[in-house]
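Q: Quick one: the structure is below, and I'll ask about it shortly.
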Amino acid sequence: MSEPILALKGVTKSFGPIEVLHGVDFALRPGEVHALIGENGAGKSTTMKILAGYLSQTRGEIILDGKPIEFTGSDQVEDLGIIMIHQEFNLAEHLSVDQNVFLGRELKRGWRLDHRAMRTRTAELMSRLESRADPATPVSEISVPEKQMVEIAKALSRQARVLIMDEPTAVLTERETEVLFRQVERLRDEGVAILYTSHKLGEVKRIADRVTVLRDGIMVRSDLIDDVTEDDMATAMVGRELSDLYPPKSDRGAEPILEVSNVSVRGVVENASLTLHRGEVLGIGGLVGSGRTELAEAIAGLRPRTGTVMLKGQPLAAGQVAQAMKAGLVYLTEDRKGAGLLLEKSLRENLTLPLLKDFGRPLIDRKREEAALDRAIEDFAIKVPARNMAVGDLSGGNQQKLLLAKTLLSDPDVVIIDEPTRGIDIGTKQQVYNLIADLAAGGRSIIVISSEMPELIGLASRVVVMHAGRVAGELAGDAVTENGIVRLAMGMEQSGKENAA
Amino acid sequence: MSAESISNTGAARARKVDLRVIGPLVALVVLILIGVMLNPNFLSYSNVTNVLARSAFIGIIAIGMTFVITAGGLDLSVGSMAAFVAGLMIMAMNWLSVSMGDSVVVILLGIVLALGAGLAAGFINGILITRAGIEAFILTLGTMGIYRSLITWLADGGTLSLGSGLSSLYSPVYYGGILGLSWPIIVFALLAILGEIVMRHTAFGRHCAAIGSNEKVARYSSVHVQRVKLATYVLLGLSVGIAVVMYVPRLGSASATTGLLWELEAIAAVIIGGTLLKGGFGRVWGTVVGVLILSLISNLLNLTDFVSPYLNGAIQGVVIILAVVLQRNSGPAR
């Protein structure tokens, strides 16, 4: 086994009086993909940030090429060939793809920028990543998975020796994930040391050579990937046996509650129809960009649309969010930070925002708001270190629980949940799944949109699959399989129960 | 996480004194202390009421501006809007007095017209920003020029004056009052209290902050984003109308220089008071403190020969910059 390029030895990190990492040993070797896994708040991000020079350790040593080194900042660390790809993109939205890839290290001819060389190099990198994004397009106009690819292209262009990837696949579909994995394998074969984090254990098993599990700031175990199973990893992360991840499905009623017919959104959704029954969990599958989110937003009144949406027999007007909520239909966004929560505001202000009028008119009744927050914290098991803290300082899982509480505050009959578990740990995932099952058992009807096949299969009794803006087909009962969903999502067959006209 | 920290919000709110919260108040107190040391007349009844009455116009406008800025908007047109509305009001009252004489009815009609014109001007700004989607800065830069040029044109480059009969009938609205307080001060105080309550305790105030904080989140939370934004501009227009109603009886005239730079003074007062220029957080009491700080500075310079009053603008400029620097998030940048 080769010597590590970069290693941590007995590293601890404290924020104020609170120690969040307790003596972590961790090594990245050339030509090896090392997965670092753990629940939210286990210390993964802190470890990565120390390795990438964004944070300095409180005690312990960082060792580069066998010698202890003192990092002075992320710039110096990048110059050493250690590149970190952040989960939240660090892209300048108004600059084009190639300008972003070469940001800070522009290619020059004399004193002038060499636009052509940068554009050509970017096009090469992007085609290697099988992305169709044009290097000249502003980043603000490309999709989220493409942005991820731009981040990766940026790292590839920098001749990395060590590549640190913070949940790179969280926003990618399975196909895009495969493309990414091919690049990761290529880099590994070139001798790059790779640190990889993900909440998807199947992926870890697939791509990693070695896996280290963190729990509450302690390194619980570190093994070659062949020596552990997914179950072992999950158990080590959570610290207890995880029983079946998905709760039992409840029987749906026969009574249709939501009837969507021939809904179109210009350019993204064409003549989509579906029916949701009382007490049912309906899944919507498909690739990112297939129009799933846009369809859901159109139904909820967040986008202009044509076609009809009938809720409990009454038509819903297009483009009227507040009216849809009043009628009993709400949508939980996939974009938690951009469209779901006010990150610099308190929990209370976030929770009551959609329904302020019910908390006293004309003056808001602070006591009732606080009581509602008490209930939400208890019902959704939100962990709040300090009640007045900004929502942005909560962990991802707790943010998601708060967003659920906020969305469900109006006591809706129909809930559309887009990516219910994006970027949250496995323990919280299970809580969210149980909550969805409880809602359905209580007579509410749920639509779950997800890129994670097991999630659709585990939760939904019926799955509608979208492809290129159309409903490609519908699967029910035992026909709900990964294979079936993938075939429809890739547009490989137009059979199934064809719902679209 | 302790049970105590969860249950005891009162204690959490009264946590350590935050300079960013009370900074403007501290500055005001320091300014008053300096004033008392330099000139014993500083806190005299006549000086205090004089300062308050003069700051009332900017103050009333700044209260409306607080809502616009909190909701992520901006309005540069309020100064010339005030001049234009004042000009309209004077012309209308002069015209009415020809047929109706110098009566109270004429003045009441003039007041109604001023409030209506302010409301309409605010509505035009708001509707163009929310429906036509024009950047607030650009649009109000445009309407600022339009109103300024209209008042210059109406006054034919000179001054529009209220007839002397009307003028003396109307002047108690600025110079009169009850309990030793003049009307502008009373109106300013009432509007400030009302504004603070609306900002802090109503759905409208909360919605303004949510929109300024993240418009998309507000929209996804079924807030009527465009309606609320429009309302902030309409309210600001109305507050300009109220300010004009208090201002016209003072001099009984309007000219091309009426209300010059009021918009910048109002915006400065809002920012000094701790409202975020990019929106998302606003407080009306802070704006009131900001208005008082700005007018006390110029008053101090006039009362003392310590520093030339010509340097008024420079000192105000330093205060504005200091206020923003002090209020910046002092935490590490991510």
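The values are calculated or read from the model by the stated rules, or taken from the named source; none is laboratory data. This structure is a prediction, so every number in the text was calculated from the model and none was measured. Using ideal geometry, Cβ is built from the backbone for each residue, glycine included, and neighbour counts are taken over all protein chains shown. Keep in mind that these areas ignore ligands, DNA and RNA; they rest on the heavy atoms of the full protein, side chains included. Shrake-Rupley method; radii C 1.70, N 1.55, O 1.52, S 1.80 Å.
Q: Go through region A:259-277 and report how many residues are in contact with a Lys or Arg (Cβ under 7 Å, 6 or more places away or on another chain) and in a loop (DSSP other than H, G, I, E, B).
A: Number satisfying all stated conditions: 0.
Q: A further question on this structure: Considering only region B:164-210, state which residues are within 11 Å of chain A (Cβ to nearest Cβ) and small (Gly, Ala, Ser).
A: B:Ala203, B:Gly205, B:Ala209, B:Ala210
Q: Something else now. Is it the case, given these coordinates, that A:Arg348 is part of a loop (DSSP other than H, G, I, E, B) and either at pLDDT below 90 or farther than 20 Å from A:Val265 by Cβ (or both)?
A: Considered against the rule, which asks whether it is part of a loop (DSSP other than H, G, I, E, B) and either at pLDDT below 90 or farther than 20 Å from A:Val265 by Cβ (or both), A:Arg348 comes out as no.
Q: In region B:152-181, what count of residues is obtained for those that are surrounded by 12 or more Cβ atoms within 10 Å (Cβ to Cβ) and in a strand (DSSP E or B)?
A: Of the residues in that region, 5 qualify.
Q: Right, something else. Among residues belonging to region B:211-251 that are small (Gly, Ala, Ser) and within 8 Å of chain A (Cβ to nearest Cβ), point out the one that is surrounded by the most Cβ atoms within 10 Å (Cβ to Cβ). First the steps, then the outcome.
A: Initially, region B:211-251 is screened for residues small (Gly, Ala, Ser), giving B:212-213, B:218, B:221-222, B:231, B:237, B:239, B:241, B:243.
Next, only the ones that are within 8 Å of chain A (Cβ to nearest Cβ) stay: B:213, B:218, B:221-222.
Details: B:Ser213: 22, B:Ala218: 27, B:Ser221: 29, B:Ser222: 23.
Residue satisfying both the conditions and the ranking: B:Ser221.
Q: Follow-up. Name every residue in region B:111-133 that is in contact with a helix residue (DSSP H, G or I) (Cβ under 6 Å, 6 or more places away or on another chain) and free of Cβ contacts under 8 Å to residues at least 40 places away in the same chain, in order of residue number. Outline the logic, then answer.
A: Restricting attention to region B:111-133, the residues satisfying the condition of being in contact with a helix residue (DSSP H, G or I) (Cβ under 6 Å, 6 or more places away or on another chain) are B:111, B:113-115, B:117-119, B:121-123, B:125-126, B:128-130.
If the condition is that a residue be in contact with a helix residue (DSSP H, G or I) (Cβ under 6 Å, 6 or more places away or on another chain) and free of Cβ contacts under 8 Å to residues at least 40 places away in the same chain, then B:Leu113, B:Leu128 are the ones that fit.
Q: Which ones in region A:314-338 are at the interface with chain B (Cβ under 8 Å from one of its Cβ atoms), among the aliphatic types (A, V, I, L, M) and surrounded by fewer than 22 Cβ atoms within 10 Å (Cβ to Cβ)?
A: A:Ala322, A:Met325
Listed here are the residues, each with its yes/no results for (1) under 30 Å from A:Thr177 (Cα atoms); (2) open to solvent by 10 Å² or more (accessible area, probe 1.4 Å); (3) outside any helix (DSSP H, G or I).
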{"residue": "A:Ile424", "(1), (2), (3)": "yes, no, yes"}
{"residue": "A:Thr428", "(1), (2), (3)": "yes, yes, no"}
{"residue": "A:Asn434", "(1), (2), (3)": "yes, yes, no"}
{"residue": "A:Gly443", "(1), (2), (3)": "no, yes, yes"}
{"residue": "A:Ile446", "(1), (2), (3)": "yes, no, yes"}
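Q: Let me ask something else about it. Scan region A:278-313 residue by residue and report those that are outside any strand (DSSP E or B), in contact (Cβ under 8 Å) with a residue 40 or more places away in the chain and open to solvent by less than 20 Å² (accessible area, probe 1.4 Å).
A: Residues satisfying the conditions are A:Gly279, A:Glu280, A:Ser290, A:Gly291, A:Arg292, A:Thr293, A:Leu295, A:Ala296, A:Ile299, A:Ala300.
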